[in-house]
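Take a look at the structure below.
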Amino acid sequence: MKVKVIDSEHESDLEEEINKFIVDKKVIDIKYQLSHFFDGRDQIYSFSAMIIYE
């Protein structure tokens, strides 16, 4: 079993990266998380996924 973590500032970019990564993998599970914070000027979003695969 292996783990891959992918992080992106945009949800659609994360989706694209996940789809590219899992093409030739046997995926066991995918965990998804969204976090956000304010850096003093802008609202920053972080979309991340942990892919568990063989």
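Residue by residue through the stretch 4-31, note down the ones that are under 14 Å from the mean Cα position of the chain (by Cα), outside any strand (DSSP E or B) and β-branched (Val, Ile, Thr). Within the stretch 4-31, Ile18, Ile22 qualify. In the condition set (1) open to solvent by less than 60 Å² (accessible area, probe 1.4 Å); (2) within 10 Å of the chain's Cα centre (by Cα), Leu34 is compliant with all but (1).
Considered as a group, the residues in the stretch 37-51 that are of a type in the set (A, V, I, L, M) and within 12 Å of the chain's Cα centre (by Cα) include one that is surrounded by the fewest Cβ atoms within 10 Å (Cβ to Cβ), and that residue is Met50. Residue count for the stretch 4-30 under the criterion of being of a type outside the set (D, E, K, R), open to solvent by 80 Å² or more (accessible area, probe 1.4 Å) and closer than 12 Å to Met50 by Cα: the result is 2.
The values are calculated or read from the model by the stated rules, or taken from the named source; none is laboratory data. Since we're looking at a predicted model, the values are computed, not measured. Note that each Cβ is placed from the backbone with ideal geometry, even for glycine, and that neighbours are counted across all protein chains shown. Quick note on the areas: whole protein, heavy atoms, side chains included, nothing else; ligands and nucleic acids left out. Shrake-Rupley method; radii C 1.70, N 1.55, O 1.52, S 1.80 Å.
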